[in-house]
Amino acid sequence: MDYQKDLDAFYDSINVDYAAYVANTLSQFGSNETLGFRMAGSEAELAAGHFLYQEFNSIGLKNVRKEKVIVDSWEFKNGELYYLDQKNTPQKITLSAYASNCIHENKTFDLVYVGKGTKKDYENIDVKGKLVLIDLDSYIGCQIGICAVQARQKGAYGIIAAPINENQKLPADALTYENFTAPADIPAFSISLKDAHILKTLLIQSPSSKISVILNCYSKVSPDSTSYNIIGEIPGRNPNDIILVMSHYDGLFHNFHSGACGCGLLLSLARALINSHYIPSKTIIFIAHSAKEWGLTNSSFNWSIGGYQQITKNHPEWAEKAFVAINLEGFVAHDEYDYHHIRTAYEYKELVNAIQKIVTGCPYKQGCLIDAPTTILSDDFAYSQSGVPTIISYRPINENHLTTYQTNYDLIHNHFSRSAFEYCHKLYGTIIILFDQMKIKPFNFEKLFHALEESLDFESYHHYKELYFLIHDAKWCAKNLYEFTQRNHFTDSEAKYINQQLHYLYLMIQQSFVRLSWYGANIFPHEAHQENILHLREAIRLLKKEKLKSAVEQLCRVDLNLYAFYFDKKTYQFYIHQSCHQDDEHLTWGRDLLLSELDLYDIIETLQRKHSWEDIYVEIQHLKEILKEEEFRQEKVIEEEMVHLKQIIDWMRSLYRRP
């Protein structure tokens with residue numbers, strides 16, 4: 001593979017100033033003059049998409065077009081709260097909104113404080129028709145969506161959430177956003193720590209524990225609206241093979257680092273490839289997705305809607321042709337971290353790590369960190385489910401990202417690094433060019449099977465001996481397959497056949513072995529039940545020792561039962577239904593990925609009311625029955641995994657033993 005001349009010409013054509021121009025210009029589009037917000041289907045997002053469409057054309061991309069996606073649109077223009085301070089002087093607070101309907105001009109409400117917004121926090125507090133102020137404690141699993149549903153169950157009109165800042169990283173005047181899964185008819189807002197402290201002080205001093213506030217706001221959600229993904233191409237010599245390079249252009253707040261700079265890099269990479277006169281072997285398709293941050297109301301899987309529709313509805317044929325999808329999610333021009341973070345498929349991890357080692361100029365102390373697997377939090381996940389391996393520029397795993405990520409501090413003048421931006425140009429440009437010059441998709445399935453083996457706990461590892469041997473057979477076959485595809489020279493027709501087979505093999509692996517935990521982690525199917533069994537057994541052991549509090553803590557770790565501890569039964573069941581039993585339109589890319597939904601609500605509630613000396617025989621027996629059923633489910637899931645492994649082993653052998 002002779003690639004150095006192509007890389008040198010590409011490096012010489014990099015223009016970081018152009019990338020910064022695109023990113024900064026994009027970050028200025030917003031429905032809210034102060035805070036930004038270019039959300040799905042909004043006027044600001046449509047204007048931003050048209051700007052990108054013009055840039056796609058101006059840099060020389062071919063076949064530039066806007067492709068329609070159907071979204072729930074959200075237009076957030078303003079949010080202000082007025083109150084009287086201790087001197088009886090009117091004061092204004094700027095609020096951020098969540099994706100909900102609330103249009104008011106000088107509407108008066110009573111405001112009350114309800115702690116963290118759990119069911120206990122509402123005891124003996126009249127919230128009917130009022131706004132409730134809460135401390136949003138994501139550290140204990142209290143998400144804004146479930147807190148909003150709980151508030152409505154208690155009769156509140158709407159909710160205002162302040163972040164909890166245990167690590168002291170978040171600026172006191174920062175406004176934040178997290179995913180809002182509640183129905184749009186529950187008005188929801190966020191408030192800064194500083195302003196929340198002012199209101200809580202007034203509420204404490206109020207004899208009635210409430211104060212009067214005036215709300216001005218415009219937040220409107222409109223179902224079944226239209227947005228657009230922006231597409232452009234660099235045609236390749238072989239139109240049957242493609243490379244997908246993507247980012248998203250919608251944004252929470254001004255969204256410079258966690259979105260706009262990814263679009264800036266997207267266009268700048270295309271521009272540099274064109275200006276260096278690189279003639280690709282494969283057609284390189286550049287995509288700016290809409291509706292990544294949010295695009296669907298009343299759904300547990302309400303983000304990445306633009307990407308999901310692009311690969312499942314607009315162009316499902318891309319999946320078989322694509323060698324890789326490179327998602328420039330963001331954080332490609334940021335100087336607050338010690339490393340640049342990439343997530344990718346197990347099958348590509350070693351290769352991506354080898355590629356990053358040949359790229360010079362990394363400004364980060366710890367270099368470039370490569371993790372696997374991919375994540376549901378970026379809009380390439382639907383591409384992975386469709387059988388396209390992905391590579392993602394991802395935010396580093398530490399608390400420093402809290403200062404900018406999904407806050408009003410996500411601006412170009414906060415932590416912008418030119419050297420980091422230049423490095424990411426070289427890094428992702430190198431990945432594009434090297435993948436373009438590969439004839440066979442470089443799948444190394446051995447790493448996936450190694451991860452599968454590592455996921456088994458001691459009991460499963462030794463109880464299911466057949467699974468153990470199958471995994472080892474799979475690793476051996478995967479190694480042989482990888483060596484076969486990388487060491488041999490294939491004709492064009494042979495390469496086309498092998499690449500097609502590798503795609504469908506990877507697709508089967510995604511369908512057979514990728515599931516989700518209730519907290520969004522990619523897991524293997526057996527892990528859902530394996531974790532539940534562990535916590536159920538420990539809970540039973542602790543109950544026999546009359547340690548009720550510790551037993552309840554274990555039960556809260558089973559599926560989503562932490563919500564059973566903190567929220568009313570109707571609220572808890574609403575979220576279970578939303579995540580598992582809605583129609584396909586609302587389950588989107590999350591359909592069938594949650595395997596277990598054990599409901600321990602009644603047991604947890606009963607144990608919370610009991611003392612250690614009281615009889616808990618009934619609860620123990622009930623948990624034993626649940627444990628037995630869960631062990632049966634795990635056995636069935638592992639049997640299914642073994643069936644799939646056998647099919648995959650036979651498939652791999654048939655490929656590398658071809659005459």
### Query
Filtering region 564-607 down to residues that are β-branched (Val, Ile, Thr) and more than 21 Å from the chain's Cα centre (by Cα), which residue is nearest to Ala521 (Cα to Cα)?
Thr571
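Table: residues versus (1) among the acidic types (Asp, Glu); (2) farther than 30 Å from Gly158 by Cβ; (3) out of contact with any strand residue (DSSP E or B) (no Cβ under 8 Å at 6 or more places or on another chain); (4) open to solvent by less than 10 Å² (accessible area, probe 1.4 Å).
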{"site": "Cys217", "(1), (2), (3), (4)": "no, no, no, yes"}
{"site": "Asp224", "(1), (2), (3), (4)": "yes, no, no, no"}
{"site": "Ile231", "(1), (2), (3), (4)": "no, yes, no, yes"}
{"site": "Ile234", "(1), (2), (3), (4)": "no, yes, no, no"}
{"site": "Asn238", "(1), (2), (3), (4)": "no, yes, no, no"}
{"site": "Ile243", "(1), (2), (3), (4)": "no, yes, no, yes"}
{"site": "Met246", "(1), (2), (3), (4)": "no, yes, no, yes"}
{"site": "Tyr249", "(1), (2), (3), (4)": "no, no, no, yes"}
### Query
Scanning region 606-624 for residues that are within 11 Å of Ala539 (Cβ to Cβ) and among the charged types (D, E, K, R), which turns out modelled with the lowest pLDDT?
Glu619
### Query
Are any residues in region 336-361 closer than 24 Å to Ile412 by Cβ and touching a strand residue (DSSP E or B) at 6+ places or on another chain (Cβ under 6 Å), and if so, which ones?
Tyr339, His340, His341, Ile342
### Message
Being under 17 Å from Trp651 (Cβ atoms) and buried (at least 16 other Cβ atoms within 10 Å of the Cβ) is the filter here; which residues of region 485-509 pass it?
### Response
Thr485, Ile498, Asn499, Gln501, Leu502, His503, Leu505, Tyr506, Leu507, Ile509
### Message
Just to be sure before I move on: is Asp602 surrounded by fewer than 17 Cβ atoms within 10 Å (Cβ to Cβ), closer than 30 Å to Lys313 by Cα and not hydroxyl-bearing (Ser, Thr, Tyr) in the structure I sent?
### Response
no
### Message
Anything in region 169-197 that is assigned to a loop (DSSP other than H, G, I, E, B), open to solvent by less than 40 Å² (accessible area, probe 1.4 Å) and farther than 27 Å from Thr297 by Cα? List them, or say none.
### Response
Leu170, Pro171
### Message
Looking at the structure I just gave you, is Lys292 of a type in the set (D, E, K, R), modelled with pLDDT of 95 or more and more than 23 Å from Asn499 (Cα to Cα)?
### Response
yes
### Query
Just checking, which of Lys496, Lys475 is in contact (Cβ under 8 Å) with a residue 12 or more places away in the chain, touching a helix residue (DSSP H, G or I) at 6+ places or on another chain (Cβ under 9 Å) and not hydrophobic (A, V, I, L, M, F, W, C)?
Lys475
### Task
Could you tell me whether region 367-374 includes any residue that is modelled with pLDDT of 90 or more, closer than 30 Å to Lys313 by Cβ and either over 23 Å from the mean Cα position of the chain (by Cα) or open to solvent by less than 20 Å² (accessible area, probe 1.4 Å) (or both)?
yes
### Summary
Log entry, pairs with first residue in region 105-123 being in contact (Cβ under 8 Å) with a residue 60 or more places away in the chain, second being surrounded by 16 or more Cβ atoms within 10 Å (Cβ to Cβ) and of a type in the set (Phe, Trp, Tyr), beta carbons closer than 7 Å, six or more apart or on different chains, reads Phe109/Tyr157; Thr118/Tyr566; Thr118/Phe567; Lys119/Tyr566; Lys119/Phe567
### Message
Any residue at all in region 473-488 that's outside any helix (DSSP H, G or I) and of a type outside the set (Lys, Arg)?
### Response
yes
### Message
Scan region 325-342 and tell me whether some residue there is of a type outside the set (A, V, I, L, M, F, W, C), without any contact (Cβ under 8 Å) to a residue 60 or more places away in the chain and surrounded by 24 or more Cβ atoms within 10 Å (Cβ to Cβ).
### Response
no
### Query
Quick one: what pairs do we get from region 560-581, first residue part of a loop (DSSP other than H, G, I, E, B), second open to solvent by 40 Å² or more (accessible area, probe 1.4 Å), C-beta under 6 Å, 6+ apart or different chains?
Asp568/Gln153
### Message
I need the full set of residues from region 29-50 which are over 24 Å from the mean Cα position of the chain (by Cα) and in a loop (DSSP other than H, G, I, E, B), in order please.
### Response
Glu33, Thr34
#### Entry: Scope region 489-530; condition under 30 Å from Thr181 (Cα atoms) and either modelled with pLDDT under 95 or not in a helix (DSSP H, G or I) (or both); matching residues
Val514, Arg515, Leu516, Ser517, Trp518, Tyr519, Gly520, Ala521, Asn522, Ile523, Phe524
### Task
Identify the single condition in (1) over 27 Å from Ile576 (Cα atoms); (2) open to solvent by less than 10 Å² (accessible area, probe 1.4 Å) that Gly117 does not satisfy, given that it satisfies every other one.
(1)
### Message
Condition first: of a type in the set (Gly, Ala, Ser) and under 29 Å from Asp250 (Cβ atoms). Now tell me which residues in region 337-387 satisfy that.
### Response
Ala345, Ala372, Ser378, Ala382, Ser384, Ser386, Gly387
### Task
Inspect region 343-357 for any residue being without any contact (Cβ under 8 Å) to a residue 60 or more places away in the chain, closer than 25 Å to Leu516 by Cα and among the polar types (S, T, N, Q) and give the result as yes or no.
yes
### Task
Tell me the strands (runs of 3 or more DSSP E) entirely within region 51-163 that contain at least 3 residues that are closer than 27 Å to Trp294 by Cβ, modelled with pLDDT under 95 and touching a Leu at 6+ places or on another chain (Cβ under 6 Å).
none
### Yes/no for Asp615 being open to solvent by 70 Å² or more (accessible area, probe 1.4 Å), part of a helix (DSSP H, G or I), more than 30 Å from Tyr506 (Cβ to Cβ) and not hydroxyl-bearing (Ser, Thr, Tyr)
no
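So that you can scan it fast, the table gives a plain yes or no per residue for (1) in contact (Cβ under 8 Å) with a residue 40 or more places away in the chain; (2) of a type in the set (Phe, Trp, Tyr); (3) surrounded by fewer than 23 Cβ atoms within 10 Å (Cβ to Cβ); (4) in contact with a Phe, Trp or Tyr (Cβ under 9 Å, 6 or more places away or on another chain):
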site	(1), (2), (3), (4)
Glu422	yes, no, yes, no
His425	yes, no, no, yes
Asp436	yes, no, no, yes
Ile440	yes, no, yes, yes
### Query
Do we find a residue being in a loop (DSSP other than H, G, I, E, B), open to solvent by 10 Å² or more (accessible area, probe 1.4 Å) and more than 26 Å from Glu75 (Cβ to Cβ) anywhere in region 285-300?
no
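The values are calculated or read from the model by the stated rules, or taken from the named source; none is laboratory data. A quick note: this is a predicted structure, and the numbers were derived from the prediction, not measured. For neighbour counting, all protein chains shown are included, and Cβ atoms are generated from backbone atoms with ideal geometry for every residue, glycine included. Areas reflect the complete protein model, heavy atoms only, side chains present, ligands, DNA and RNA absent. Shrake-Rupley method; radii C 1.70, N 1.55, O 1.52, S 1.80 Å.
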